[in-house]
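The structure appears right after this line, and notes come after that.
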């Protein structure tokens, strides 16, 4: 794994503002790109562990992760900076769009532009999941858990609450079991 | 009870059941805002959610937009705080707990056991987005180029988003 570096407070805020403002189709894919590849605040594995915790807590996973990552680097100030960076930019854009909505929706080209972005964002999000899976190299039984989550959400359309609370205990148990088998207690 | 306090409480309640984010609580949000409180009609609710989806940023910001629609700037502030604060406070304490437990032998594997769920659900949201976004061969081409670009390179995905938008304007 490549070396990681601690962001300053300003970098934390600006990095999160970037993820929020560019986060078409949800911010999870952008968040990983900025944190792991572009700025190297965390390794792929550290980021994934925080995101996994953010996933089982209520609220958006990336929002929960912003609290945890901000806290890790700069305590309460860091958590507030990361979280506000994530929400303030897009909130401003959204208010602007809502005010312009009538003109915006009918302007020529705008609908096609958004449509093109949506298709690209879908490809980006799928690729991000694949890339994370490849980089993390989970054992086969955890790959099965990931595929189960994907199928349950995308194809069976089960409620996320049900998916998370039925798969989380299994995933935790399988992962702990493997760790204890591979390195027995001293 | 004032309207602003009611808005705060409605969204704070939603926040605590929102495992998986905004899309997960969409039905419950609809029930509270449209059916229980009668703050907006069906069409407005759908339109505001679609607008929040089209804009960048966390989808949970749909809540802010709805608060704004109900009660102006005060409603926006109450809905946003209600939606974000309970979850953020919980995340803060969980982060503290994992920090205190950091030496425990089971902690890292337990955390890693949750990772495939998060990754699988990112994949699922990509598939859900793809279903809505692919309306013809050109959108499939844009999706495929973007997929390969993000999968195989470390360049900024901004290039494919901008390219996708430009192709959309030129050809769709």
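The values are calculated or read from the model by the stated rules, or taken from the named source; none is laboratory data. Just so you know, these numbers come straight off a predicted model, no measurement behind them. Here the Cβ is made from the backbone with ideal geometry for all residues, glycine too, and neighbour counts use every protein chain on show.
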For residues that are more than 9 Å from every other protein chain (Cβ to nearest Cβ) and closer than 18 Å to residue A:83 by Cβ, scanning just the range B:70-113, find the one that is surrounded by the most Cβ atoms within 10 Å (Cβ to Cβ).
B:79
Evaluate the range B:70-80: report whether one residue or more is part of a helix (DSSP H, G or I), in contact (Cβ under 8 Å) with a residue 60 or more places away in the chain, within 16 Å of the chain's Cα centre (by Cα) and closer than 27 Å to residue A:146 by Cβ.
no
Take the residues in the range B:46-60 that are at the interface with another protein chain (Cβ under 7 Å from one of its Cβ atoms) and part of a helix (DSSP H, G or I), then tell me which one is modelled with the lowest pLDDT.
B:54
Residue among B:10, B:18, B:43, B:63 that is more than 8 Å from every other protein chain (Cβ to nearest Cβ), farther than 17 Å from residue A:90 by Cβ and crowded, with 18+ Cβ neighbours inside 10 Å:
B:10
Looking at the range B:33-59, I want the residues that are more than 30 Å from residue A:30 (Cβ to Cβ) and have a partner that is assigned to a loop (DSSP other than H, G, I, E, B) with Cβ atoms under 8 Å, at least 6 apart or on another chain. Which pairs are those?
B:34/B:40; B:34/B:41
Does residue A:174 qualify as being outside the structural domain of residue A:63 (by TED's automatic domain parsing), touching a residue at least 12 places away in the same chain (Cβ under 8 Å) and either under 18 Å from residue A:52 (Cα atoms) or loosely packed, with under 14 Cβ neighbours inside 10 Å (or both)?
yes
Scanning the range B:4-35 residue by residue, those modelled with pLDDT under 90 and out of contact with any helix residue (DSSP H, G or I) (no Cβ under 8 Å at 6 or more places or on another chain) turn out to be B:27, B:31, B:35
Please indicate, with yes or no, whether at least one residue in the range B:99-106 is assigned to a helix (DSSP H, G or I) and within 30 Å of residue A:176 (Cβ to Cβ).
yes
Residues B:152, B:131: which one is free of Cβ contacts under 8 Å to residues at least 24 places away in the same chain, more than 7 Å from chain A (Cβ to nearest Cβ) and within 26 Å of residue A:163 (Cα to Cα)?
B:131
Those residues of the range A:57-77 which are in a helix (DSSP H, G or I) and within 20 Å of residue B:86 (Cβ to Cβ) amount to A:61, A:62, A:63, A:64, A:65, A:66, A:67, A:68, A:69, A:70, A:71, A:76
